[in-house]
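Report on one structure; see the data block that follows.
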Amino acid sequence: MAQAHETRNRLCAAHGWSEDAVEIVPVLASGDKVQDRPLAEIGGKALWTKELDLWLATGEIDIAVHSMKDVETIRPDELTIAALLPRADVRDVLVGASSVAAIPQGATVGTSAPRRAAQMLHQRPDLKVVSFRGNVATRLAKLQAGEADVTLLAAAGLERLGETGVGHPLAVDDWLPAPAQGAIGIECRTDDAATRELLAAIDHAPTRAQVMAERALLLALGGNCHSPIAVLTSGETQLSMRAAIFSPDGAVMLERCAEFASDSDGPAALAATLLAEAPESVRIHFEGAPG
């Protein structure tokens, strides 16, 4: 909802509209309804989009607002990501300890994200990971209830909720974020030219270049909800990408960097390098159906 309000504010500012020119229609996604199991076990990222996709298709809504890290790599041709808002803080925030090194020996980490679990176990193999889903308030409550000793949250989400004082942000030099983390995408029907033109006014070119490159990397890796992938991209027309893939237990990590033009096949080439150099214990979790 915070993302929807930000989208409305930007549209109204860009076009000189009053706030009531854009109606916000809440939808409870399947990903919100089922919180006792990891997403990868119950349908993957489609759980965040399928209801909105249906509403777009039937014309009940004109645009859908997404957290781009939760959007499947392959989308229906009938829908278009027409705008990407300026990317917010890409970092993860550690809650419950001041740093990864400061987490007590043998402590429990609450997360259902394969990337976060693998990255944490790679740095701290002594830790135990337990499934931890829900919105920010739910996860903080679970942490307070002792279901885990520490957890990880996206800095962008905390910022949008006004919770900037929660936890300790992890530097990207030491802890890579998820593909498209911190980016809000707005989708509409591909054949809706009028809406696409309105959304073009709030499309942020550097964010689009970075996010689309990271999604291209995901596609080329064959990554899905089970695949531990971390990546960070900077630039606009000329991009710099740093990417890492892991075995789920964090025992193996392969990291590579590349620079390429935003309109090139640089992400696919980097993905090919990562897969070619990765051992079977890592590669087996990639090259599958994108999710």
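The values are calculated or read from the model by the stated rules, or taken from the named source; none is laboratory data. Nothing here was measured: the structure is a model prediction, and the numbers come from that model. Note that each Cβ is placed from the backbone with ideal geometry, even for glycine, and that neighbours are counted across all protein chains shown.
Structural remarks
- Residue pairs whose Cβ atoms lie under 7 Å apart, separated by 6 or more positions or on different chains, with the first residue in segment 238-250 and without any contact (Cβ under 8 Å) to a residue 60 or more places away in the chain and in the same structural domain as Ala269 (by TED's automatic domain parsing) and the second aromatic (Phe, Trp, Tyr) and not in a strand (DSSP E or B), are Ile245/Phe286.
- Sub-6 Å Cβ pairs linking a first residue in segment 114-138 that is crowded, with 21+ Cβ neighbours inside 10 Å to a second residue that is part of a helix (DSSP H, G or I) and of a type outside the set (Lys, Arg), at least 6 apart or interchain, are Val129/Ala117, ordered by first then second residue.
- In segment 50-81, the qualifying residues are those that are part of a helix (DSSP H, G or I), within 20 Å of Asp191 (Cα to Cα) and not aromatic (Phe, Trp, Tyr), and the one that is modelled with the lowest pLDDT is Lys50.
- Flag for Ile103 being in the same structural domain as Arg196 (by TED's automatic domain parsing) and in contact (Cβ under 8 Å) with a residue 40 or more places away in the chain: no
- Among residues of segment 166-186, those that are over 16 Å from Arg115 (Cβ atoms) and surrounded by fewer than 23 Cβ atoms within 10 Å (Cβ to Cβ), counted: 6
- Applying a threshold of 7 Å to beta carbon distances and a minimum spacing of six or more residues, or different chains, the list of pairs starting in segment 148-175 at a residue that is on the phi > 0 side of the Ramachandran plot and ending at one that is at pLDDT 95 or above reads Gly167/Val93; Gly167/Leu94; Gly167/Val95; Gly167/Leu153.
- For segment 209-226, a residue qualifies if it is more than 13 Å from Gln181 (Cα to Cα) and surrounded by fewer than 24 Cβ atoms within 10 Å (Cβ to Cβ), and the qualifying residues are Ala209, Ala216, Leu219, Ala220, Gly222, Asn224, Cys225, His226.
- Test: residue in segment 31-49 that is part of a loop (DSSP other than H, G, I, E, B) and at pLDDT 95 or above: no
- Test: residue in segment 89-98 that is assigned to a loop (DSSP other than H, G, I, E, B) and at pLDDT below 95: no
- Among the residues making up segment 236-284, a single one is under 19 Å from Pro177 (Cα atoms), polar (S, T, N, Q) and in a loop (DSSP other than H, G, I, E, B): Ser247.
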